[in-house]
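Data first, discussion second: the structure below is written as structure tokens.
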Protein chains: 2
Amino acid sequence: MSTGSHDYDQLTQKVAEIRDLERIAALSYWDMQTYMPQGGHHARAEQQDTLQVLIHEKMADPQLGALIDALREKITDPDTIEAATLHWLARDHKEATQMPPELVREKSQAASNGMATWLKAREENDFQIFLPALKQILKVSRATARAIKPDSDPLATLLDQREPGFSLGEINQLFSQLRDFLVPLLNNILHDGQPVDSGILREYYDPKVQWEAGFDAAKQIGFDLDKRGRKDISVHPFTTAFSPDDVRITTRLRNNYFPTAFFATLHEAGHGTYEQGIPASLARSVLGNAPSGGFHESQSRLWENLVGRSRPFWNYFFPRLQQYFPNQLRDVSLETFYRAVNDVKPSLIRVEADEVTYNLHIIIRFELERDLFKEDLTPADLPDAWNQKYEKYLGITPPDPTQGVLQDIHWSSEIGASFVSYTLGNMISAQLFEQARKVTPKMIEGFGQGDFSPLLEWMQENVHAVGRRYEPKDLLKRITGDTLRPEPFMHYLTDKMKDVYQLSI
Amino acid sequence: MSTGSHDYDQLTQKVAEIRDLERIAALSYWDMQTYMPQGGHHARAEQQDTLQVLIHEKMADPQLGALIDALREKITDPDTIEAATLHWLARDHKEATQMPPELVREKSQAASNGMATWLKAREENDFQIFLPALKQILKVSRATARAIKPDSDPLATLLDQREPGFSLGEINQLFSQLRDFLVPLLNNILHDGQPVDSGILREYYDPKVQWEAGFDAAKQIGFDLDKRGRKDISVHPFTTAFSPDDVRITTRLRNNYFPTAFFATLHEAGHGTYEQGIPASLARSVLGNAPSGGFHESQSRLWENLVGRSRPFWNYFFPRLQQYFPNQLRDVSLETFYRAVNDVKPSLIRVEADEVTYNLHIIIRFELERDLFKEDLTPADLPDAWNQKYEKYLGITPPDPTQGVLQDIHWSSEIGASFVSYTLGNMISAQLFEQARKVTPKMIEGFGQGDFSPLLEWMQENVHAVGRRYEPKDLLKRITGDTLRPEPFMHYLTDKMKDVYQLSI
């Protein structure tokens, strides 16, 4: 078999067309969240359904299946682009054949309706508005899992879709290891840490200037916002790509809290560098993706935190930021500002959480999902369960659903291990960062001069450029020589908190 | 046959899916012209190709053809929604079956490439950049016509696609009748008219305030920009709809010339009212369109000119506009302003032309298209031919291609009777307006109080609500009792110019 074979070319063409339709569906989704007028929702939902059913039909096409089978038989070297393409494609095709078209349509409808009612529920600050949609989403998510793997635990199936190769047992183990580290660390900080004053972040920051500063920072780290990307406003920040040369990030702005937009922008720009780093040769193939949600999040969390909340970054960027906000920051020291953006405090909103409590937000969500799937929890009881978990893990209770159970967009389209990727991403980011530092020791020094390119280039070469060629666990091993381990992340966080809070641990 | 029949339902569903894909393609096109970063072009073009080929495949589907044939045999009453649906669908299906998929792809590629190179050619003010694309577009347009009707004149076929039921002979006759009226009228104005001073329109008008004023005016005439529409910026203004509840118009702004954005906004808002007026019950069917380009333009030109350049409109809107632009307009009289926006003067840019010279711009383009199709003119010679026609009809020569042959977006995707709809639209608008006045005599008085709803409602009821149910000529006859006649437009223009220029004709 070679890329020149007729069958392989035919396969490539079929896949390219499916990818085109997926990109167009992504564009439609982007538009729904950014510019679509409210009235557009009903028809757009129908259009999305049509497109999703069509994509499914093409992916489940028996002719495609026959091509895959014929070509797989001819594989001699499993470590080639062609072999990887066939490996993932076989998986995607099989999953599609397991899904009845009616379920695809139901799923698409549940997601469109979910998004609309989630937006409305947030506006009205009323969970009941969202509840019927949520029930339907849970039902459809479960049915999807059952269709794909009738004999498996549904949540395990959905986890494997997002994080191929990971079992629920592994996640439980990683998470409890992390929890056992985080809870004492948090207590340590709260009781023995030198207090941090982050009041300076809660002044009025002109949203237009926030917009500019975020734009600047995203460009600085190497996300091309000039000819290959855009930044827009949406209710929930996200990243989407219509090709490596057209990558869109969104953000939201809060007048009286600086970190919201800034760090979300770095986060999404991190995702954006991944998408811009996918080679053109893979972009229209099944390999033109990250191998897992966790790998994608490793890039967003990397730039948001390991870089964006680091001392060297602010050595460089704080003087720039002072120019954007002279009134707010002229008389603030770099040290005060650095400590403020690293303030650790139990808080309500995941995307605004500090690096220590962040993973507790994820653990809460994962536990709730587990309970929903086990039917130990009904969707109607979700808000109460949410609040109880926040009280238990973080000692705070959301005053209303918008700051509680309605805060994330994720459950408005699908439920099932929807958040684990963030915590896996944190771990992967630290493990990759550790490796990158070994290889390019002067990397961090460069941040202080605004030179982020050695890190970006290392990620481009080792992570982005390979797309979805390897299973996530294999990829991590190829890059770092090791399996996924929480230790690099825990070491990173310990060192960071010792520095910020002058802890003696 | 009834709407309840299984076959008819199946047909309706198939058509709805095609329409969904067309709407999604329109969204993609809108994005290309508004927000897509430059780098996005290449992949987007491939995505558009895939979508266009798919739409074509579904429209040419033999199963659809069989359904159409079976259902047409059962038609008993030709004046029903079902009969009209089958009439137009049979036409669309037949055209699709005549088109080889390869030509569909070539056409899509030529259009994507055409748009990109047209934008670039404008930027560089260099026709040569656009020339290869233009040749390809002409080639593909001709091949399309030949595929659809092998034995007909290609331009006649393309005309019939845009203006069903109209022959080239009819257009020639209408246009020459019009030209014989316009040229003396123009001379009369230029030699005997009371001079108009439109200098006031050429001051600096803050683009942001222009944006607001245009927004305001569009809403005033009844285009819903709140929940069912949007306005954005693009190089060439246009209107597109993803459903009657999601209609997008675009505009462009010139700092030093007020009419550009304002009247283009009214023009596009006029198109927008049409799209918003398509009943939900027709929106996903082949009837969810205007029956012709001319009918669509009748609504844009109506609101731009018959309303937007009328005395009663400005009686109402001028005090508002003075509030938007106090420095520019505080000391300007309504009369001066009214005459200024009706200034007749040979000019270079079609979309900015006055009502008298406007149709000469169209006639020039139509003659050039005719010459291109007859091969009396090559694409390479188009700029010279363009300039000669402008000299001949309007006595002026474009100083550069951006103000000349590159000014319109139309030829960047297709060539062939691409502009006749505007002049037909002018005629239809006047004929409809005359009829609307008969039925609601106090309509025009209302404009002076900002009440445009009787006219809009009349159009909604008589024009928008029927969609593409009737052939354009039939529709006009049903509404006005008459065939298309240039006289109402000529009478309207004569009266208007007598008023503005105090002519004694």
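What dipole magnitude, in Debye to the nearest 20, does the range B:109-195 give about its Cα centre under +1 on Lys/Arg Cβ and -1 on Asp/Glu Cβ?
In total the dipole reaches around 400 debye.
Which ³J(HN,Hα) values, rounded to whole Hz and listed in residue order, are derived for the range A:200-206 from phi using the Karplus coefficients 6.51, -1.76 and 1.60 in 6.51 cos²θ - 1.76 cosθ + 1.60 with θ = phi - 60°, glycine and proline given as x?
4, 7, 9, 7, 7, 10, 3
What's the Kirkwood radius of the range A:90-234 in Å, using all Cα pairs?
Across the range A:90-234, the inverse of the average 1/r is 20.4 Å.
Based on the alpha-carbon gyration tensor of the range A:68-167, what equivalent-ellipsoid semi-axes (square roots of 5 times the eigenvalues) come out, in whole Å, largest first?
Numbers: eigenvalues 252, 36, 33 Å².
Sorted largest first and rounded, they come to 35, 13, 13 Å.
What do you get for Rg/Rh of the range A:317-451 when both radii come from the Cα atoms and Rh is the Kirkwood radius?
1.08
Quick check on the exposure proxy: order B:168, B:455, B:178 from fewest to most C-beta atoms within 10 angstrom.
Ascending Cβ contact count within 10 Å gives the list B:168, B:178, B:455.
Please list, in order along the range A:322-336, the HN-Hα scalar couplings obtained from phi with the Karplus expression 6.51 cos²θ - 1.76 cosθ + 1.60 (θ = phi - 60°), rounded to whole Hz, x for Gly and Pro.
4, 6, 5, 10, x, 5, 7, 10, 3, 9, 9, 7, 4, 4, 4
Could you list, in their original order, any pairs among A:107/A:149; A:107/A:392; A:107/A:208 whose Cα atoms are separated by more than 26 Å?
Exceeds cut-off: A:107/A:392; A:107/A:208.
How large is the Kirkwood hydrodynamic radius of the range B:208-337, in angstrom, based on all distinct alpha carbon pairs?
Evaluated on the range B:208-337, it is 15.2 Å.
Across 10 Å bins from 0, what is the distribution of all Cα-Cα pair distances for the range B:440-502, in whole percents?
18, 33, 38, 10, 0
May I ask which residue of B:417, B:96, B:378 lies farthest towards the positive end of the charge dipole of chain B, with charges of +1 (Lys, Arg) and -1 (Asp, Glu) on Cβ and the Cα centre as origin?
B:417
Relative to the compact-globule scaling 2.2 N^0.38 Å, provide the ratio for the alpha-carbon radius of gyration of the range A:174-224.
1.81
When you look at the Cβ of every residue in B:30-37, what mean number of other chain Cβ atoms sits within 10 Å?
5
Size of the range A:204-273 along its principal axes in angstrom, Cα-based, largest extent first?
The Cα atoms of the range A:204-273 stretch 37, 23, 16 Å along their principal axes.
Charges on Cβ only, +1 for Lys and Arg, -1 for Asp and Glu, centred on the Cα centroid of the range B:168-501; of B:430, B:255, B:312, which one is farthest towards the dipole's positive end?
Comparing the listed Cα positions along the dipole, B:312 ranks first.
About the Cα centre of the protein assembly as shown, what is the dipole size in debye to 20, counting +1 per Lys and Arg Cβ and -1 per Asp and Glu Cβ, all else neutral?
Its charge dipole is roughly 660 debye.
With a cap of 15 neighbouring Cβ atoms within 10 Å, and only residues DSSP puts in a loop, list the GluC sites (Glu not before Pro) found in the range B:145-245.
B:203
Taking amide hydrogens as modeled 1.01 Å from N in the peptide plane, which residues meet the under 5 Å criterion relative to residue A:341, leaving out close sequence neighbours?
Excluding prolines and chain starts, which carry no amide H, there are no hits.
Can you bin every Cα-Cα distance in the protein assembly as shown into 20 Å intervals starting at zero and give me the percent of pairs per bin, rounded to whole numbers?
Pair shares across the bins are 12, 40, 33, 15, 1.
Taking the dipole about the Cα centre of the range B:190-248, with the C-beta of Lys and Arg at +1 and of Asp and Glu at -1, give me whichever of B:191, B:210, B:242 is farthest to the positive side.
B:242
For the range B:278-287, what does the Karplus curve 6.51 cos²θ - 1.76 cosθ + 1.60, with θ = phi - 60°, yield as ³J(HN,Hα) per residue in whole Hz, taken in order and with x for Gly and Pro?
For the range B:278-287, the Karplus curve yields 5, x, 4, 5, 9, 4, 9, 10, 5, 8 Hz.
Points 7 angstrom from Cα along the Cβ direction at residue B:345 and residue A:176: gap in nanometres?
Calculated label separation equals 8.3 nm.
Past the 28 Å Cα-Cα mark, which pairs from A:442/A:477; B:374/B:496; A:58/B:139? Present the calculation step by step, with values, prior to reporting the outcome.
On the way: A:442/A:477 24 Å; B:374/B:496 38 Å; A:58/B:139 32 Å.
Result: B:374/B:496; A:58/B:139 exceed 28 Å.
Can you report the principal axis dimensions of chain B using only the alpha carbons, biggest first, rounded to whole angstrom?
On the principal axes, chain B reaches 67, 51, 43 Å in Cα extent.
Dimensions of the range A:314-354 along principal axes (Cα, Å, largest first)?
Here the Cα extents, ordered largest to smallest, are 30, 17, 17 Å.
Where the only charges are on Cβ atoms (+1 Lys, Arg; -1 Asp, Glu), what is the dipole of the range B:168-501 about its Cα centre, to the nearest 20 debye?
So the magnitude is around 640 debye.
Here, each number is a calculation from the coordinates, and none is a lab measurement. This structure is a prediction, so every number in the text was calculated from the model and none was measured. Here Cβ is always computed from backbone atoms with ideal geometry, including for glycine, and neighbour counts include all displayed protein chains.
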